[in-house]
Structures are given as structure tokens and as C-alpha cells.
Amino acid sequence: MSYDLIVIGTGPGGYVCAIRAAQLGMKVAVVEKRKTHGGTCLNIGCIPSKALLHASEMFAQASHDLPALGVIVGKPKLDLAAMMKHKDDTVAANVNGVGFLLKKNKIESFFGRGIIKGAGKVDVVADDGAITSLETRNIVIATGSDAATPPGVKVEFDEKTIVTSTGAIALEARPDKMIVIGAGVIGLEMGSVWSRLGAEVIVVEYLDRILPGMDAEVAKQLQRILEKQGFKFLLSSKVTTIEKDGAGASVMFEPVAGGEAVTLKADVALVATGRRAYIDGLGLEEAGVALDRGRVVIDDRFQTNVAGIYALGDVVRGPMLAHKAEDEGMAVAEIIAGQHGHVNYDVIPGVVYTMPEVASVGKTEEELKAAGIAYTVGKFPFTANGRARAMRASDGFVKVLADAQTDRVLGVHIIGVSAGELIHEAAVLMEFGGSSEDLARTCHAHPTLSEAVREAALAVDKRAIHM
């Protein structure tokens, strides 16, 4: 069987690439190792975690926030099985939706492990060992990523006591105590789910701060808020041992600066120390595809060193984000079709779905300082926003960073309710090279949370109205 394009992996990058290629008139096939499409994101990552984050936030609001609004419901009871069913139903709806889209676009699906046998050749090995050989003009590697472990630490995951995010979204009972290793996005989100449901959550982080890579001021405020919610943070701590201990888990760590080792015990230990590109068993070495520190090397057109073999998403350079992979998927399909696919890596938003949310796009203050770029700052707190006060959700602020000479917006950082939705106003502005003045002069409906974004833009020129 011969195709114009075979995409290996049907996560957000892979299935989007396949659909866009089909729209452009190509004969397309996809290869997926799971029994369902959607990759890590839809099956065991973004989608199920957000379902649990939403459900646990509702539980927390019913537990703590509703009486102040005049809504008396009594002490809520946790039905974890029902909450997990909500998560599973959400996953099924999204996964089935991707399958429908692939069929709608006349894309053939092959389930099994994809092995690249060279330029234009892919074998699909099914679970029963049967091999289907396919031929194609182009191959796209979109196999995503897998959980990483702390350097030098041997970890045996059972996904019940010592877990990755995969196990953390499927626990059969609420742990009384959970140790989270890593204070990045995954650790804070999954820690939030179980903390809201009543678990004691202790976060152990190697660095001296949470959310590495995000705006430091935002990270500090989020840490304070999470501590008020019950989180305990042990920063500048190097984990040396993670192992099962009877019915629970034991984690040993020591201060990065040196000192006595400490051992913590908990019902569950979640290892959330980042992710690594998933390239196992693809046959890349045999096919001659170049790698760099475990990631596939590509040029500016997403092509590897082997003609006709492309790669995108978590297996290549850049942030490991589903929406980054989606943009790359569209770009690769367009490039293969002879068009000018492009991804603007300066305008890729990131969101942390804690309570409150954190969202960011563009440069941080730390990055601008390191690059020697002169900038101005406009900040506006949600405590001064009427809609936020009405919602009893006034934690956080909006920060706008603009070039000191041109006023072009270089970065926007938000911590607050609905930050993940508000950030896209900034993304659209930045995509068009807009200035803080452009945003400041744009009329915003009142009362809305988005007024805080406008006020932060006004504050760049020290003319915010409501503070």
C-alpha cells in the first residue's frame, strides 16, 4: 500500500498534521500504537487531567466557597468513582471525535508499533506480531513523549503507589498523603486535584522555586496561594531514592547545598520531573535519522537529515505542549504540499490549570534582562477588578511587558481566575506585532475579567484608571 504521507502517532500534532494533509489533497495514513487515537494528551494527559481539575475545583468550591455566596449545601461527599467516570467519559468523547475526523477526511488508520525501515518505508507491527508493510513519499514522526525520572534515580513505577501522571489520574482511592517530586506544571496540577479532595500534598523540588521557566514573580505568588490551600514545598532538595515501603512509598532527599538526608513516607509518590521524547523502537538509528540528546534533529522546515522524513511535537526541540505540536502539524503538512507553513515560536502560550490559573505568552522579565532588552512593565491586580470581586476570585494580577523604545508587547503573564482564557487576547495582539497602546485603546466590556488585561496595558504608560 502506498501513500503520499504516513504519520506515526496520532496525538495532537500527528492527527492535526494528517487532517491538514488530507485537506490539501494527499493520500494519508496514520500509525498508532494504542487502540485509540489522541495520543498522551487525549488519553492520559491534558484531557483527563483537566476533567479531574474541574471536578475537584467544584468539590473545593462546594466545601469552602459557596456559603459566602449564600448557597448552603452542607458538607459535600466525595464519590471518586463518579468523578473518575466523568473523566473517562470525557476522554472517550474526545478520542472518538478524533477517530471520526480521521474517517471523515478519508485517512486510513493502522494500529500497532510503527518502525521506519528507511525513507518511504514503514512497517506496522500489530500486537499479535503481524507485520504490515507500507510505502509512502513522506513520513512524519509525531510520537510524543513519556514521563522522565530524576537523573541518577532508579524508579520502578507500579502506577498505584509510585506513579507518573498516568497513575495519578486513575487512583482508586484518595490518598491521605501524597509526595509530588517536581514543582512543574504536571506536579502542581495533579497535586491540586488530590489536595482539593483532601490529601496532604508535599512537593519536593530540586530548584529554589516552583514553575521553572515561567515568570518568577508569578511563580512566587502562586506558591504563596498554594501554601494557603495546604501545599507544603520543600525546595532546593535533591531526591536520591524513591521506593515502595509496605503499602506506601518512601522518598529520600537531601538539601542541594549539602546536609543531612531526609526520608518522607506517603500513600502515593508522584514523579513529575518532566518528560522525554518517545522514540523507542522507531528504528531511527537504523534509518540514519540524527538525534540530539534524545530528540530528533530537524531543520527549519521540520525535515530530518533523511530526505522525506519529518518530525514534530515533543520529539523535537521546543516546549512540550500539545498546541505547539498542533501548529507544527499544520505547518509540516503545508510544507510537504509545497506551501509555506510557519510556526511563530515567540507567541506560544502556556497555561497551568491550578486554582487560580497561571498563563503566559512571550518573554519573561528574566529573559528580557538576560538578553539586555530595555522594557517597561504594566501591572494590574484582580483585587481592583469589579468582576473578579463579584466572583470572590480576586487573587492574582496581569503583567504586560513592552519594549521601552517601540512599545511592542514582548510578553504577558497572568495569575488569576480564567487566566488560560484571558491570555489569548495577548497572543492575538502579539501575533500582529501590537503595542501596549493598541491594547490600552481597545474598548473592553464592563464588567469583565479582561478589563484587567487592558488596565495592565494602560499601566505600562502609568495611566491605569482603577488603581
Could you please state, rounded to a whole Å, how far the C-alpha centre of the stretch 414-467 is from the C-alpha centre of the stretch 31-71? 28
If you line up the Cα atoms of the stretch 1-118 on their principal axes, what length do they span on each, largest first, in Å? 64, 26, 19
How big is the antiparallel share of DSSP beta bridges in the chain, given as a percent to the nearest 5? 65
Can you give me the P(r) profile for the stretch 334-427? Cα pairs, bins 10 angstrom wide beginning at 0, each as a whole percent. 16, 39, 27, 13, 4, 0
Out of the DSSP beta bridges found with both residues in the stretch 5-156, what percent are antiparallel (nearest 5)? 45
Would you kindly find the accessible area of His446, with a 1.4 Å probe and non-protein molecules such as ligands, DNA and RNA excluded, rounding to the nearest 10 Å²? 140
What number results when the radius of gyration of the chain, computed over Cα atoms, is divided by 2.2 N^0.38 Å? 1.03
Over the chain: helical MRE at 222 nm, DSSP H runs n ≥ 4 each giving -39500 (n - 2.57), nearest 500: -9500 deg cm²/dmol
Keeping all protein chains in the complex and leaving out DNA, RNA and ligands, what accessible area do you get for Asp123 with a 1.4 Å probe, in Å² to the nearest 10? 30
Length-normalised contact order of the stretch 364-467, Cα under 8 Å, at least 6 apart, in percent, tallies to 31
Highest mean first, what order results for 66-76, 292-302, 184-194 on Cβ atoms within 10 Å? 184-194, 292-302, 66-76
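Rounded to the nearest 0.05, what FRET efficiency do Lys160 and Arg317 have when you use their Cβ-Cβ distance and R0 = 25 Å?
For Lys160 and Arg317, the calculated efficiency is 0.15.
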Along the Cα→Cβ direction, 7 angstrom out, place labels at Asp88 and Arg408. What is the inter-label distance in nm? 5.1
Treat every Asp and Glu Cβ in the chain as -1 and every Lys and Arg Cβ as +1, leave all other atoms uncharged, and give the resulting dipole magnitude about the Cα centre to the nearest 20 debye. 680
So in the chain, which Cys have no other cysteine's beta-carbon sitting under 4.7 angstrom from theirs? Cys17, Cys443
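Taking R0 as 35 Å, what's the FRET efficiency between Asp128 and Thr241 from their Cβ-Cβ distance, rounded to 0.05?
FRET efficiency, Asp128 to Thr241: 0.35.
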If you add up the charges near Lys87, with Lys and Arg at +1 and Asp and Glu at -1, over every other residue whose beta carbon is less than 15 angstrom from its beta carbon, what do you get? -2
Could you sort 53-60, 170-177 so that the peptide with the highest average Cβ count within 10 Å comes first and the rest follow in order? 53-60, 170-177
Net charge (Lys, Arg +1; Asp, Glu -1) of residues whose beta-carbon lies under 10 Å from that of Thr376, Thr376 excluded, is -2
Ranking Cys17, Cys443 from most to least accessible area with a 1.4 Å probe gives Cys443, Cys17
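Volume per residue, Å³, of the convex hull around the alpha-carbon atoms of the stretch 22-66?
With only Cα atoms used, the stretch 22-66 gives 93 Å³ per residue.
The values are calculated or read from the model by the stated rules, or taken from the named source; none is laboratory data. Treat the numbers as computed from the prediction; the structure is a model and nothing was measured. As a convention, Cβ positions derive from the backbone with ideal geometry for all residues, glycine included, and neighbour counts pool all protein chains shown. Just the protein is used for accessible areas: all its heavy atoms, side chains included, with ligands, DNA and RNA removed. Shrake-Rupley method; radii C 1.70, N 1.55, O 1.52, S 1.80 Å.
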